[in-house]
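Enquirer: Provided herewith is a single structure, encoded as structure tokens, for subsequent inquiry.
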Amino acid sequence: MHDGVLVGGVDEAGRGSIIGPLVVAGVSIKESKVALLTEMGVRDSKALTPRARARLFGQIMKIADSVCIRKVNPVEVDDSVSLRALNRLEARVMAAVINDIGADEVYVDCCDINPDRYKDYIGQHLKCSPKVHSIHHADVTNVVVSAASIIAKITRDEEIKRIRSKYRGIGSGYPSDDRTMRFIRRYVAKNGSAPEFARKSWKPLRLLLEQTAQCKLTT
């Protein structure tokens, strides 16, 4: 590689969440600057404190040659889950990000059990022709993907903060969070429906809505 070659990394945040958007972020940076990311302390966002992520977000935005962020709303996630096509949705959004960042070589964090199949899904939507590497846990092993993971995580956290400013007590947004599930149960009990920012296709909420509908039929 020479200095002018752009290396890209793409990752997501919020795939497993029951509240809020799925966020996909891509970063491209000249190959000659990739070492700066390591020197800055860039790592997988999950391995960083919120303060470190915030600091690195600003630094990454300064040195990256291109950054692209796409948000996928809960309705679109639900539609894809109903078709058993969530991986295809994520691949399509990742392709849109890759099309935007203009990298010559791109590393993506693969969510599919089959990395080659996921690479093919992405390829179906590319309008450019970078060399694409589809790798499990790329957010841990590739520093440019780690940078993308930080951008995605911070962006999603801001979306959750926006929801929290209106609805208190939503927790982290993940179904493993008791606070989040208590909020959803209370909301459905009060309104008879799911909040617009929740994913109705996620099993805990889907079952809750089915139970609520059955109660209405029997009363």
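Enquirer: Those residues that are surrounded by fewer than 17 Cβ atoms within 10 Å (Cβ to Cβ), under 17 Å from PRO21 (Cα atoms) and either β-branched (Val, Ile, Thr) or without any contact (Cβ under 8 Å) to a residue 12 or more places away in the chain (or both), I need them from region 178-202; list them, please.
Expert: Result: no residue meets the conditions.
Enquirer: Just need a number here: residues in region 172-219 that are part of a loop (DSSP other than H, G, I, E, B) and not β-branched (Val, Ile, Thr).
Expert: Kept after step one, since they are part of a loop (DSSP other than H, G, I, E, B), are these residues of region 172-219: 172-177, 192-197, 199-202, 219.
Those still in the list that are not β-branched (Val, Ile, Thr) too: 172-177, 192-197, 199-202.
Result for region 172-219: 16.
Enquirer: Suppose we keep only residues that are polar (S, T, N, Q), touching a residue at least 40 places away in the same chain (Cβ under 8 Å) and touching a helix residue (DSSP H, G or I) at 6+ places or on another chain (Cβ under 7 Å) within region 131-149. Which one would you say is surrounded by the fewest Cβ atoms within 10 Å (Cβ to Cβ)?
Expert: Quick first cut of region 131-149, residues polar (S, T, N, Q) only: 134, 141-142, 146, 149.
So of that shortlist, the ones also touching a residue at least 40 places away in the same chain (Cβ under 8 Å) come out as 142, 146, 149.
From what's left, touching a helix residue (DSSP H, G or I) at 6+ places or on another chain (Cβ under 7 Å): 146, 149.
Values: SER146: 28, SER149: 30.
Step by step, filter region 131-149, then rank; the result is SER146.
Enquirer: Would you point out the residue of region 156-171, among those that are part of a helix (DSSP H, G or I) and open to solvent by 20 Å² or more (accessible area, probe 1.4 Å), that is farthest from VAL10 (Cα to Cα)? Quick ask: steps written out before the conclusion?
Expert: Kept after step one, since they are part of a helix (DSSP H, G or I), are these residues of region 156-171: 156-164.
Now restrict to residues that are open to solvent by 20 Å² or more (accessible area, probe 1.4 Å): 157-159, 161-162, 164.
Working: ASP157: 18, GLU158: 19, GLU159: 19, LYS161: 23, ARG162: 24, ARG164: 27 Å.
Checked region 156-171; the qualifying residue farthest from VAL10 (Cα to Cα) is ARG164.
Enquirer: Moving on. Looking only at residues in region 26-69 that are basic (Lys, Arg) and assigned to a helix (DSSP H, G or I), which one is modelled with the lowest pLDDT?
Expert: The selected residue is LYS46.
Enquirer: Okay, moving on. I need a count of the residues in region 42-73 that are surrounded by 19 or more Cβ atoms within 10 Å (Cβ to Cβ) and within 12 Å of the chain's Cα centre (by Cα).
Expert: So the answer is 3.
Enquirer: Restricting to region 26-46, what's the tally of residues that are without any contact (Cβ under 8 Å) to a residue 24 or more places away in the chain and of a type in the set (A, V, I, L, M)?
Expert: Step one: filter region 26-46 for residues without any contact (Cβ under 8 Å) to a residue 24 or more places away in the chain, giving 35, 39-41.
If we keep only those that are of a type in the set (A, V, I, L, M) as well, we get 35, 40.
The qualifying residues number 2.
Enquirer: Oh, and also: Any idea which of (1) closer than 18 Å to VAL42 by Cβ; (2) touching a Phe, Trp or Tyr at 6+ places or on another chain (Cβ under 8 Å); (3) among the acidic types (Asp, Glu) is the one ASP109 doesn't satisfy?
Expert: Only one criterion is unmet by ASP109, namely (2).
The values are calculated or read from the model by the stated rules, or taken from the named source; none is laboratory data. What you see is a predicted model, and the numbers here were worked out from it, not measured in a lab. Cβ: placed from backbone, ideal geometry, glycine included. Neighbour counts: every protein chain shown. Just the protein is used for accessible areas: all its heavy atoms, side chains included, with ligands, DNA and RNA removed. Shrake-Rupley method; radii C 1.70, N 1.55, O 1.52, S 1.80 Å.
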